[in-house]
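Chemist: To start, I am sharing the structure in question, which I have written as structure tokens.
The values are calculated or read from the model by the stated rules, or taken from the named source; none is laboratory data. Bear in mind that the values here come from a model prediction, so they are computed numbers and not experimental data. When we count neighbours, we look across all protein chains shown, and the Cβ atoms used for this are built from the backbone with ideal geometry, even at glycine.
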């Protein structure tokens, strides 16, 4: 029987409230293990849990900041603040929703975080009214606009950082901004002043966060840091934006090994830098697949190339493959189209890459994964 249809089990607690707690806690099992495994935690609705940072990404953000004080202008459920408070002496959690602010304060107390001060109110209003200066200001703007719906431009988010950047820099030298992973990095840089670093954060090869580090009066080459956080290890790759723009890339045909960068690198646009750093040649300007005659430790997937064939219906028939993992890069047919056309089921130990060479000829690469 549904919990909603059962008689109330706890005095003063409605069945609807109980369902909210159960659903939100279930969502926290893998995303927020510290909260999930702690007693007396109170949860907001499921949407707030879905929108909050995971512990893995919050822990990464905390490594970026340092100093004695930080103001989080968009505190929410408080996961980021919790991890900031491990490295920063005094943290201010601003949250415009009184109920969510109360929930965060209760949980901070349960989790023993005594150095977080919870303030109910809009973050920019707090900055305007305080005389305090902070070592860092953190902002995770809402990407829902009452008039425009879901938005991606920073000027359409709330709070509007481009519009309020002068106010923020009156209170701090350093800003950490979290944005939608769908935001174009060049667009973000064009909307902001004094960007010093860009961090592309992926979790298990899915881009979760795009972070901009702003430093007051900074003018110079922007560093782009990519990270793919996994259970085994964190793959990182860093490059300078100016060097990427000025670099040249080497092109060549498939050799012994094939390399596919992780999604954080693909999102970052460091296509020339990754090839230069690992001395790889690229198959095509728009394929973002790389090759080399020797095996290297690479931040992404690595494969042994077994066969290289010009793509055609007869070539696919000759291969005789009925089950494989398929990837397309710069190819006119989709994965679904290829599966249907050539009757190939998903899975198995064989990997097929459909792409182009530097002469725009269609290729199919039959590969097996290298041992990790």
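Chemist: Restricting the range 244-263 to residues that are in a helix (DSSP H, G or I) and in contact (Cβ under 8 Å) with a residue 12 or more places away in the chain, which is surrounded by the most Cβ atoms within 10 Å (Cβ to Cβ)? Can you show your working first?
Modeler: Applying the first criterion (in a helix (DSSP H, G or I)) to the range 244-263 yields 244-246, 263.
Among the residues that remain, those that are also in contact (Cβ under 8 Å) with a residue 12 or more places away in the chain are: 244, 263.
Values: 244: 18, 263: 20.
Only one residue fits best here, namely 263.
Chemist: Let me ask you something else. Would you pick out the residues in the range 89-112 that are within 13 Å of residue 70 (Cβ to Cβ) and in a loop (DSSP other than H, G, I, E, B)? Give the derivation first.
Modeler: Going through the range 89-112, the residues within 13 Å of residue 70 (Cβ to Cβ) turn out to be 89-94.
Across the range 89-112, the qualifying residue is only 89.
Chemist: Here is a list of conditions, (1) surrounded by 12 or more Cβ atoms within 10 Å (Cβ to Cβ); (2) modelled with pLDDT of 95 or more; (3) under 20 Å from residue 255 (Cα atoms), and residue 310 meets all of them except one; can you say which number that is?
Modeler: Among (1) surrounded by 12 or more Cβ atoms within 10 Å (Cβ to Cβ); (2) modelled with pLDDT of 95 or more; (3) under 20 Å from residue 255 (Cα atoms), residue 310 violates only (1).
Chemist: The conditions are (1) at pLDDT 95 or above; (2) over 23 Å from the mean Cα position of the chain (by Cα); (3) crowded, with 16+ Cβ neighbours inside 10 Å, and residue 109 fails exactly one of them. Which is it?
Modeler: Evaluating residue 109 over (1) at pLDDT 95 or above; (2) over 23 Å from the mean Cα position of the chain (by Cα); (3) crowded, with 16+ Cβ neighbours inside 10 Å leaves (3) as the failure.
Chemist: Among the residues of the range 34-76, count how many are without any contact (Cβ under 8 Å) to a residue 40 or more places away in the chain, in contact with a helix residue (DSSP H, G or I) (Cβ under 9 Å, 6 or more places away or on another chain), under 17 Å from residue 211 (Cβ atoms) and assigned to a helix (DSSP H, G or I).
Modeler: Residues that pass the stated criteria total 4.
Chemist: Among the residues of the range 83-95, count how many are surrounded by 20 or more Cβ atoms within 10 Å (Cβ to Cβ) and either over 19 Å from the mean Cα position of the chain (by Cα) or farther than 19 Å from residue 134 by Cβ (or both). Let's see the steps before the verdict.
Modeler: Residues of the range 83-95 surrounded by 20 or more Cβ atoms within 10 Å (Cβ to Cβ): 83-85, 88, 91-95.
Subset that is either over 19 Å from the mean Cα position of the chain (by Cα) or farther than 19 Å from residue 134 by Cβ (or both): 85, 88, 91-95.
So the count comes out to 7.
Chemist: Would you mind telling me which numbered condition in (1) over 26 Å from the mean Cα position of the chain (by Cα); (2) modelled with pLDDT of 95 or more residue 207 fails?
Modeler: (1)
Chemist: Of the residues 286, 342, 281, only one is touching a residue at least 24 places away in the same chain (Cβ under 8 Å) and surrounded by fewer than 17 Cβ atoms within 10 Å (Cβ to Cβ); which? So that I can check it myself, show each step before the final result.
Modeler: Working: 342 fails: surrounded by fewer than 17 Cβ atoms within 10 Å (Cβ to Cβ); 281 fails: surrounded by fewer than 17 Cβ atoms within 10 Å (Cβ to Cβ).
286 is the lone residue from the list that is touching a residue at least 24 places away in the same chain (Cβ under 8 Å) and surrounded by fewer than 17 Cβ atoms within 10 Å (Cβ to Cβ).
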